[in-house]
1. Modelling each spin label as a point 7 Å along the Cα-to-Cβ direction, I'd like the LYS62/SER19 distance in nm, to one decimal.
2. Suppose accessible area is computed on protein heavy atoms with a 1.4 Å probe; arrange ARG113, ARG213 from highest to lowest.
3. Given the C-alpha centroids of region 90-117 and region 164-222, what is the distance between them in whole angstrom?
4. Run the 1.4 Å probe and let me know the accessible area of MET216, rounded to the nearest 10 Å².
5. Can you send over the solvent-accessible area of VAL194, 1.4 Å probe, protein chains only, in Å² to the nearest 10?
6. Solvent-accessible area of LYS163, probe 1.4 Å, all protein chains present, reported in Å² to the nearest ten, please.
7. Calculate one ³J(HN,Hα) per residue across region 63-77 by plugging θ = phi - 60° into the Karplus curve 6.51 cos²θ - 1.76 cosθ + 1.60, and present them in order as whole Hz with x for glycine and proline.
8. Sorted by accessible area (1.4 Å probe), largest first, how do TYR93, TYR43, TYR76 line up?
Amino acid sequence: MAIFRKVNVTFWKDEFIESLTPEQKFFYLYLMTNDRTTQCGIYEITIKHISFDTGYNEEKVKKLIVFFSKAGKIKYSDKTKELALKNWVKYNYSESPKVKSCIDKELKSVKDRVLIQYLYCIDTHPQEEEEEEQEQEEEEEQEEDGEQKPPPKKVVSKMILFKESNINNLETFTHSFLGSQYEHANFAYYFEVVSNWAASKAEKKIDWIAAVRGWMARDLKDGKFIKNDYNPQKNVKNNGFTREGLQAAFDARFADQK
C-alpha cells in the first residue's frame, strides 16, 4: 500500500517559507515528505540518511538542522536520532479514529519523550505515568499476597506564571488548541487577554493549557466565545485590540479566577 504525505497549499504562502532560500525550502519540504515520516510527526532519521537523500554533505545537513531548530520549526535528538516537526499537527490533523489510533501507537514508541512535549505541548504518553501504573499494579499484587503496602509517593505539582509556561508565545499557544473544539477561536485575542490578565495578577497555575481550555469552554457556554472572524477596533500597538477593550474583556471573563 502506497504512503502519501500531503502538503497544504498554504505552505507556500506562509511568511516563514517565503523568507527561506531555495535550498532551505527544499530541505524543509524533504523533512515533511521523506520515507521516514510518521503520522505523529516524530520519526527516526540519521544525518547520514538525510545526506544520502538530499545530496548535501553531512556538515551542510547539520547546519540546516541547526537553522530550523533555532527557527522553532524542528527539534532533533542527537541521542536517539529522532526528529520532530513542530507544525506537523497543524497541517496533518485528522478526526479519523484509525489515524488517531495510529498516532497513539507511534507516540508510545518514541524514544526521546521530550519530543512529544515539544510537538504536542503536553506529554501525551509520559513514561512517568507508565511507571506509576506499573508500581500500582505491583502494590496491588503485594496486597493480595499479604505484604505490607509501601507509603505512596508524594507528587509535587509546580505552580508557574504564564510567561514560564510552554504556551507563552502566540505560535505555541495557537498550536495547543488546533484540532480541538476551540480551533476556530481568535487565538491572537485569547492570547492577548490571557497574557495581560496573568501578568496583571501575577497568576500562577499548574496547567495553563487546561486553564485556557476551561475559560474558552465557559465562553462557549455563555455565548461569549470569540471566533477568528472577530474584528474589534484596530490598535496597532496592541495586536489589533484596544487597551480598553482588552481590559474590559479579561476583567469580565476572568474576574472570578483565583
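1. 2.6 nm
2. Working: ARG113 20, ARG213 85 Å².
Sorted descending by solvent-accessible area, the residues read ARG213, ARG113.
3. Cα centres, region 90-117 to region 164-222: 23 Å.
4. Rounded to the nearest 10, the figure is 0 Å².
5. 0 Å²
6. LYS163 exposes around 150 Å² with every protein chain in place.
7. After applying 6.51 cos²θ - 1.76 cosθ + 1.60, I find 5, 5, 5, 4, 4, 6, 5, 5, 7, x, 9, 9, 9, 10, 9 Hz.
8. TYR93, TYR76, TYR43
The values are calculated or read from the model by the stated rules, or taken from the named source; none is laboratory data. As the structure is a prediction and not an experimental result, all values here were calculated from the model. No Cβ is skipped: glycine too gets one built from the backbone with ideal geometry, and neighbour counts run over all protein chains shown. Accessible surface areas use protein heavy atoms only, side chains included; no ligands, DNA or RNA. Shrake-Rupley method; radii C 1.70, N 1.55, O 1.52, S 1.80 Å.
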